[in-house]
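Notes for the one structure printed next.
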Amino acid sequence: MTHHQDNPNHEDEDRPAAPPPEGKDADIVHLDAARAGRQPQQPTPDRPDSDDRPTDADGPVVEGEVVRVDRPGPTGDDWRTVLEAKARSRQPIVPLWLRSRAEAVETLRWISLHYLHVAGYQVARLPLYGGRLTARAPRGLLRMVGGVVKWTFDLEGEPVRLAAVQKADPEVYLKLSRQRDSRVRLRVLVSSAALVTLLLASIMTAEQTTTVQWAALAVAIAALGILGKPADRPLINRAVVPSRVEKLTSDIVVRSLAVLGIAGINQAIAKNPKDAIRFVAPITRDGPGWRADIDLPYGVTVADVLDKRKHLSGALRRPLGCIWPEGDSSVHEGRLILWVGDKDLSRTVVKSPLVKASLHDVFKGIPFGCDPRGRAIVVPIIEQNILIGSQPGQGKTASVRVLASGAALDPSAELWIHELKGTGDLDPHEQNCHRYVSGIEDESIAYAADSLALLRKEVMRRAAALKALPADLCPDKKVTRQIADRRSLGLHPLVAVFDECQNLFAHPDYGAKAGEDAEFIIKLGRALGVVLVLATQRPDKDSLPTGISANVTIRFCLRVAGQLENDMILGTSAYKNGIRATVFQPKVDAGIGYLLGATPMPKVVRTAYLDTPATQRIADRAHALRASAGVLGGHALGKTPEQGTPSFDLLADILAVIPPSEAKVWNEVIVDRLAELRPEVYGAWAGLEGGAKTAQLTSALKPYGIKTMQVWGTPEGGGKGTNRIGVARDDLTTTVTHRDRGRGSSAAS
């Protein structure tokens, strides 16, 4: 193909082209060489940067040429910026396991127990090893005598001398014979001296005590037994059978990632097999497994690998419960931390330290379980609210049992338990509860709703009490251990557990009000020492109000079916970000889930297992602690439960104070009239400020579906007319009529 150069001189456009040189029609140029010689144009002092047109001095211009602007060379980065980037990836001087006192103690404990086991195992088998040495001693004696004879008379050189004879080379044979004679003369003297020394030692030993004789005999037998050891039968048995787990190497990791079928990884490996997957740190042992820190190819995220966890398990030839990939989004979304354990996490039984604990402090958190690397996980309780969700049978109630046991062992913590499944899984702690219910019937649901109403009142009371405390005692306006220990203040930790809470929040009569109360408690009770622990097996918008799921601080999600349930428990976009409780296997991974909010990064956690007998022992110990401290109360002492929801009919009371002649009435007027009707019930409402008084009635009517509106009126004492929030009497009568009809139909059926 011939390329024509555009002439920049316009006056020469019509000039005929010059004929080619004689004997030469065209230049033949190698394209690769021409392309390699291309250089981007540089501005010169003689040519302004604004003039981009090539001149004749620039040489021929090839159409479509691409000029690279990112030419190789120094980037000019500031040296401080480079050092700062390196500092972010500095390896710690002190190993991580030595920074944590608990982890260091556990590591040293494991090492000590390991070598104590090895020593005890070998000591117990000393008689066996002595028998083996004795049996092998004759063979060792023969080997020793034979070896000494061969060495003394230079028999190992016999084949070489025979070879010289066969080759009929007398000169070489004579030379070897002289060498052999010289060696034998010296070696006979050495062997004779050694034999005489051995005989003298035997005579001297015969004159010693019996102990010395037996010791010398034991040493001789041991030496001869070692010489007589068969090559395929070791003398000492292994105290610990070595693991058959294959060491994780970079080649194995790259091979495994390459077969996952991820297009970005495959394309990168095809272009650059060596640098497509970069290891940012050496593969090392991390607990009972191997850890690899990897930068995935550009455009590939950790979520892509999490989707292929089963395939990764097959590629690494390890059980699925040993493969735990996770991301480090603090670096970037392509940073993969691949941890491959020696043991399947689903077969690991985690023992709770609460089983042997005589006392526990909830301000230090509750030991909850361990991560795949065997590190203990502690869940903070104070200033937190906890949401636990899963499919049925995945260990949800067992997780709740651990938290309840930890709270029970702190005498300063008040415990309310509502087990709304009716199976009695939490019955051992009934003796320690201020409020307790177990059941699925309407009475149990009403009791749980009462508890939330009481907790709402308790939060408001605590807010006022905390506000009144002096600044030196409560500088941060939140409950501390010092404040909790002063029981007279009534600001001790209060842990309320609601297991199978979907039965409460989805209830047609109590659900709406209970959801509002729970949301109020979660938002405001956190700093006041009120903690909600909610557990559900049906995480959807009806059984778990969004105001609750959006505001809890700690989430634990065991196996769930899909993305919607996953995000309802773990938060919006959790599934998209690779935090997926759908990866757990039904039944097999019971007790394993994602924990979010309790640690800086989301973690897979195996909860500690407390069976009913172990829970009963903990509960009995907690009861003794509480009894000695004098803090038992409420249900634990057999007292009649306090009611939080009215035993009267709110709508009927409102209709009683609004005559038919008044179509619409202000909220504040209704509250004042209700306080006159039932001062023991509505008196607290009337004592609120004007706006709070209106909001209180609006909130109380909301569960019934009655909406407030702007109502024109004048104050009862007289004054200027104005618009204020109120209700219509017709709305109340319509709601009561429909409700009574529904109750009549249910009774008839």
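The values are calculated or read from the model by the stated rules, or taken from the named source; none is laboratory data. Predicted model, so just to flag it, every value in this text is computed and none were measured. Methodologically, a virtual Cβ is constructed for each residue, glycine included, from the backbone with ideal geometry; neighbour enumeration extends over all protein chains shown. SASA here: full protein model, heavy atoms, side chains in, ligands and nucleic acids out. Shrake-Rupley method; radii C 1.70, N 1.55, O 1.52, S 1.80 Å.
Remark: for residue pairs Lys247/Lys308; Lys396/Lys702; Lys639/Lys702; Lys513/Lys693, the C-alpha separation exceeds 24 Å in Lys396/Lys702; Lys639/Lys702.
For Lys478, the lysines whose Cα falls under 20 Å of its own Cα, not counting residues fewer than eight places away in the same chain, are Lys364, Lys457, Lys467, Lys523. When the alpha carbon gyration tensor of the range 283-435 is reduced to an equivalent ellipsoid, its three semi-axes come out at 36, 17, 16 angstrom, largest first.
Take every Cα pair under 8 Å whose residues are at least 6 apart in sequence, average their separation, divide by the length of the chain, and the relative contact order is 10 percent. Over the C-alpha atoms of the range 548-694, the Rg to Rh ratio, Rh being the Kirkwood estimate, stands at 1.19. Among Leu116, Leu126, Val145, flag the residue with its Cα farthest along the positive direction of the charge dipole of the range 100-219, charges on Cβ as +1 for Lys/Arg and -1 for Asp/Glu. It is Val145. Here the dipole of the range 596-698 is about 760 debye; that uses its Cα centre as origin and unit charges on the Cβ of Lys and Arg (positive) and Asp and Glu (negative).
Accessible surface for Arg617 stands near 130 Å², nearest 10, in the context of the full protein assembly shown (1.4 Å probe). Sorted from greatest to least, the principal axis extents spanned by the alpha carbons of the range 305-357 come out as 43, 30, 16 Å. Hey, how many Å between the Cα centroid of the range 552-609 and the Cα centroid of the range 246-280? The two parts, judged by their Cα centres, are 28 Å apart.
Could you compute how fast the range 226-277 diffuses translationally, taking Rh as the Kirkwood radius over C-alpha pairs and applying Stokes-Einstein at 4 °C with viscosity 1.567 mPa s? Give it in µm² per second. For the chosen part, D equals 87 µm²/s.
Ordering Leu162, Leu650 by accessible surface, largest first, gives Leu162, Leu650; the 1.4 Å probe counts only protein heavy atoms, with every chain in place.
When all protein chains stay in place and ligands, DNA and RNA are ignored, the 1.4 Å accessible-area order of Met601, Met568, largest first, is Met601, Met568. Computed with a 1.4 Å probe on the full set of protein chains, the accessible area for Ile252 sits at about 20 Å². With contributions of -39500 (n - 2.57) from each DSSP H run of at least four residues, the per-residue ellipticity at 222 nm computed over the chain stands at -13500 deg cm²/dmol. Taken about its Cα centre, the range 91-153 carries a charge dipole of about 380 debye when Lys and Arg each add +1 at the Cβ and Asp and Glu each add -1 at the Cβ. Shape analysis of the range 556-624 based on the Cα gyration tensor places the equivalent ellipsoid semi-axes at 29, 14, 10 Å, largest first. According to the calculation over all Cα-Cα pairs in the range 462-598, the P(r) per 10 Å bin from zero is 11, 35, 28, 18, 7, 0 %.
With the charge dipole of the chain set up from +1 on Lys and Arg Cβ and -1 on Asp and Glu Cβ about the Cα centre, the Cα lying farthest toward the positive end among the listed residues Thr708, Gln208, Ala624 is that of Gln208. Accessible surface comparison of Trp666, Trp290, probe 1.4 Å, protein chains only, largest first: the order is Trp290, Trp666.
Around the Cα centre of the chain, unit charges on the Cβ atoms of Lys, Arg, Asp and Glu (plus for the first two, minus for the last two) sum to a dipole of about 4740 debye.
Kirkwood analysis of the range 472-550, using all unique Cα-Cα pairs, places the hydrodynamic radius at 13.9 Å. Taking the DSSP bridge list for the chain and keeping only pairs wholly inside it, about 60 percent are antiparallel.
Each Cα pair of the range 351-393 feeds into the Kirkwood radius, which the Stokes-Einstein equation turns, at 10 °C and 1.306 mPa s, into a diffusion coefficient of 130 µm²/s.
What the Kirkwood sum gives for the range 678-737 is a hydrodynamic radius of 13.0 Å, with every pair of different alpha carbons counted. For the range 169-264, the convex hull spanned by the alpha carbon atoms encloses 289 Å³ per residue.
Oblate is the label for the range 356-492, because the ratio a/c of its alpha-carbon gyration tensor axes (a ≥ b ≥ c) is 1.5 or higher and a/b is not greater than b/c. Taking the inverse of the mean 1/r over every pair of distinct Cα atoms in the chain gives a Kirkwood hydrodynamic radius of 35.3 Å. Rolling a 1.4 Å probe across all protein chains gives Val711 an accessible area of roughly 10 Å². Determine the share of the range 535-618's accessible area contributed by carbon and sulfur atoms, expressed in whole percent, with a 1.4 angstrom probe. That fraction is 52 percent.
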